[in-house]
1. Considering VAL130, VAL93, VAL99, which residue is in contact (Cβ under 8 Å) with a residue 40 or more places away in the chain, buried (at least 20 other Cβ atoms within 10 Å of the Cβ) and in contact with a Gly (Cβ under 9 Å, 6 or more places away or on another chain)?
2. It is to be established whether one or more residues within the stretch 19-34 are polar (S, T, N, Q) and crowded, with 17+ Cβ neighbours inside 10 Å.
3. Got a number for residues in the stretch 21-51 being out of contact with any Ser or Thr (no Cβ under 7 Å at 6 or more places or on another chain) and under 15 Å from GLY73 (Cα atoms)?
4. So THR95 fits all but one of (1) assigned to a helix (DSSP H, G or I); (2) under 24 Å from LEU151 (Cβ atoms); (3) among the hydroxyl-bearing types (Ser, Thr, Tyr); what number is the exception?
5. Looking only at the stretch 45-64, decide whether some residue is surrounded by fewer than 18 Cβ atoms within 10 Å (Cβ to Cβ) and within 18 Å of GLU154 (Cβ to Cβ).
6. Restricting to the stretch 165-178, count the residues that are out of contact with any Asp or Glu (no Cβ under 8 Å at 6 or more places or on another chain) and either more than 25 Å from PRO101 (Cβ to Cβ) or not in a helix (DSSP H, G or I) (or both).
7. Cβ-Cβ distance below 8 Å, separation of 6 or more or different chains: which pairs start in the stretch 163-174 with a residue that is in contact (Cβ under 8 Å) with a residue 60 or more places away in the chain and more than 16 Å from LEU71 (Cβ to Cβ) and end on one that is surrounded by fewer than 21 Cβ atoms within 10 Å (Cβ to Cβ) and among the small types (Gly, Ala, Ser)?
8. For the condition farther than 22 Å from ALA161 by Cβ and outside any loop (DSSP other than H, G, I, E, B), what is the one hit in PRO84, PRO36, PRO20, PRO110?
Amino acid sequence: MTNIFIIHGTGGHPQENWFPWLKAELEKKGCNVIVPQFPTPKNQTPETWFEVFSKYKNDFTTDTILVAHSLGGAFALRVLEHYPIEIKAAFFVSTPIGVRPIKNWDGDQPFIGKPFDWKVIRSHAKRFVVFHSDDDPMVGVGNGIELARNLGAEFVQLPNAGHFNAKAGYLKFELLLEKINEALNKK
């Protein structure tokens with residue numbers, strides 16, 4: 001069974017945006033979908049987030065897919081650095097990696113302040129897809145472009161999608177589901 005983690009960002013929670021819809025769609029396909037609640041914005045550090053994630057370490061296997069939104073994407077990159085497992089795929093939506101502008105620059109620093117080990121990260125997933133909007137008010141599109149370049153990932157830039165959150169009208173995310181289905185169907 002494929003374990004799929006959906007990782008929220010700063011100030012986020014499992015019931016926001018397109019997360020409940022995506023969870024329900026993937027569960028219909030027989031996936032085990034885990035949407036942890038991380039401490040945010042108070043006590044938001046990689047250490048406190050790893051404490052939460054470690055509760056699910058037995059679910060983090062070669063048959064895992066990571067789906068991460070906003071700062072959750074920076075954390076997913078740290079997870080891929082940390083765990084020496086090659087997972088099925090990782091999907092990043094509006095992920096900050098340190099290219100300005102980033103609205104929550106100071107709050108994101110514990111996650112993005114030190115360089116990412118791109119070589120290690122690339123070796124820990126079979127497939128990467130990066131989504132970014134041309135008008136993201138929280139995380140400049142340069143982050144998505146640079147992330148895709150560093151990962152050798154497929155880059156999907158969508159017009160007028162904002163931060164891919166409820167405020168931008170994203171209670172469903174059909175294209176993301178389509179890309180996840182491609183990864184699920186790949187042997």
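1. On the way: VAL130 fails: in contact (Cβ under 8 Å) with a residue 40 or more places away in the chain; VAL99 fails: buried (at least 20 other Cβ atoms within 10 Å of the Cβ).
Sole residue among the options that is in contact (Cβ under 8 Å) with a residue 40 or more places away in the chain, buried (at least 20 other Cβ atoms within 10 Å of the Cβ) and in contact with a Gly (Cβ under 9 Å, 6 or more places away or on another chain): VAL93.
2. The answer is no, given that none of the residues of the stretch 19-34 is polar (S, T, N, Q) and crowded, with 17+ Cβ neighbours inside 10 Å.
3. 8
4. (1)
5. No; the residues of the stretch 45-64 include none that is surrounded by fewer than 18 Cβ atoms within 10 Å (Cβ to Cβ) and within 18 Å of GLU154 (Cβ to Cβ).
6. Qualifying residue count for the region: 7.
7. TYR170/GLY162
8. Sole residue among the options that is farther than 22 Å from ALA161 by Cβ and outside any loop (DSSP other than H, G, I, E, B): PRO110.
A short reminder: the numbers here are calculations on the coordinates, not readings from a lab. As the structure is a computational prediction, the values presented were derived from the model and not from experiment. Note that we place each Cβ from the backbone using ideal geometry, even for glycine, and neighbour counts take in every protein chain shown.
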